[in-house]
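Chemist: Just passing along the structure, written as structure tokens.
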Amino acid sequence: MTKVNRIAEFQGKLSELGYIAERNLSASLLLFSDMKRPLLLEGDAGVGKTEIARVISQLYDCPLIRLQCYEGLDVNSAVYEWNYQHQLLSIKMLEERQQNNPNGSMESELFSEKYLLQRPLLAAIMQEKSPVLLIDEIDRADEEFEAYLLELLSEFQVSIPEIGTIKAKSIPFVVLTSNGTRELSDALRRRCFYHYVDYPSFDKELQIVNKRVPEIGPQLARQVVAFIQDLRKIDLQKVPGVAETLDWAAALLNLGITSLDEDMEVIQDSLVCLLKTREDSMRLEPFEIERLIARAV
């Protein structure tokens with residue numbers, strides 16, 4: 001089978017799982033899967049980056065382990081920490097045992113793997129079967145933590161001072177996402193394949209809506225996508241993503257709408273699915289909504 005056919009086949013498998021991907025994204029995911037290189041997905045919030053990790057875990061029938069990044073994320077939250085309560089409860093037993101065996105090492109017993117709490121990064125490399133490791137919104141973490149990731153992404157091992165180096169039992173499928181809130185280091189980018197995920201085109205978003213909300217019907221599906229595509233051109237604080245498109249499509253069906261020009265008041269009420277800040281709700285005035293509906297229908 002040629003590489004082109006393999007890409008098309010992979011694209012079809014993603015579609016069967018409900019994820020519509022362009023050929024270039026399918027090619028990126030195929031290479032990432034085959035070569036087990038980390039994949040950095042960059043793009044605005046809401047374009048479907050996190051969903052890619054979920055679909056890959058479905059495709060390979062493997063666990064999805066997620067690390068949500070934030071400012072101040074440290075090793076204790078991301079990699080491991082010691083179960084101090086369990087250790088304290090065991091100290092008395094160990095002290096009694098050491099009285100009978102003075103040559104025993106309390107430290108070696110207390111700092112062993114049975115007292116180790118695995119956080120996402122360590123848990124990912126301890127799996128017998130390769131999981132998908134989603135490092136979500138890496139741009140929200142500090143540069144110091146990003147630097148810490150380099151050992152994991154280069155060698156797939158974790159260094160624990162009390163135990164030593166723990167090497168991966170299996171190489172995870174590593175997906176990193178970034179919303180572009182800060183520039184990532186060259187060192188991190190060099191270790192990753194890269195793909196920029198943009199808002200979907202009209203045709204792609206229409207396919208997504210029809211795939212995920214099949215009962216919507218062709219007319220309303222086209223109107224919903226046309227409305228959303230135009231709405232994204234307005235200067236909003238929070239641009240609606242694909243998830244908001246699907247929520248709105250489902251909400252319109254729930255409200256009994258079959259065409260956007262049926263009931264202006266109901267359409268306005270349903271926009272709670274799309275407008276997520278007070279400023280955006282005030283920005284989109286009724287005449288603007290009517291204009292968007294007119295263009296969509």
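Chemist: For segment 20-49, name all the residues that are surrounded by 19 or more Cβ atoms within 10 Å (Cβ to Cβ) and polar (S, T, N, Q).
Modeler: Scanning segment 20-49 gives 26, 28.
Chemist: Within segment 231-261, track down each residue that is among the acidic types (Asp, Glu) and over 26 Å from the mean Cα position of the chain (by Cα).
Modeler: Listed by number, the list holds a single entry, 261.
Chemist: Could you list, in sequence order, the residues of segment 164-196 that are in contact with an Asp or Glu (Cβ under 7 Å, 6 or more places away or on another chain) and among the hydrophobic types (A, V, I, L, M, F, W, C)?
Modeler: Scanning segment 164-196 gives 184, 188.
Chemist: Looking at (1) among the charged types (D, E, K, R); (2) under 23 Å from residue 43 (Cβ atoms); (3) at pLDDT 95 or above, which is the one condition that is false for residue 222?
Modeler: All conditions pass for residue 222, except number (2).
Chemist: Against the conditions (1) farther than 24 Å from residue 134 by Cα; (2) surrounded by 16 or more Cβ atoms within 10 Å (Cβ to Cβ); (3) at pLDDT below 95, where does residue 251 fall short? Just the number, please.
Modeler: (3)
Chemist: Check off (1) in contact (Cβ under 8 Å) with a residue 60 or more places away in the chain; (2) within 18 Å of residue 48 (Cα to Cα) for residue 230 and give me the number that stays unchecked.
Modeler: For residue 230, the failing item is (2).
Chemist: I'd like the residue in segment 254-282 that is aliphatic (A, V, I, L, M) and farther than 16 Å from residue 295 by Cα and, out of all such residues, is modelled with the lowest pLDDT.
Modeler: The residue in question is 282.
Chemist: Being over 26 Å from residue 179 (Cα atoms), within 24 Å of the chain's Cα centre (by Cα) and at pLDDT below 95, is that true of even one residue in segment 16-31?
Modeler: Within segment 16-31, one or more residues are over 26 Å from residue 179 (Cα atoms), within 24 Å of the chain's Cα centre (by Cα) and at pLDDT below 95.
Chemist: Continuing with this model, one more query. In segment 139-152, what residues are buried (at least 18 other Cβ atoms within 10 Å of the Cβ) and aliphatic (A, V, I, L, M)?
Modeler: Hits for segment 139-152 are 141, 149, 152.
Chemist: Residue 170 - would you say it is among the polar types (S, T, N, Q) and closer than 30 Å to residue 71 by Cα?
Modeler: Yes.
Chemist: Among residues belonging to segment 144-169 that are in contact with a Leu (Cβ under 9 Å, 6 or more places away or on another chain) and of a type in the set (Asp, Glu), point out the one that is nearest to residue 82 (Cα to Cα).
Modeler: The extreme case among them is 162.
The values are calculated or read from the model by the stated rules, or taken from the named source; none is laboratory data. Just so it is clear, the model here is predicted, and its values are computed rather than measured. All Cβ positions, even for glycine, are placed from backbone atoms using ideal geometry, and neighbour counts span all protein chains on display.
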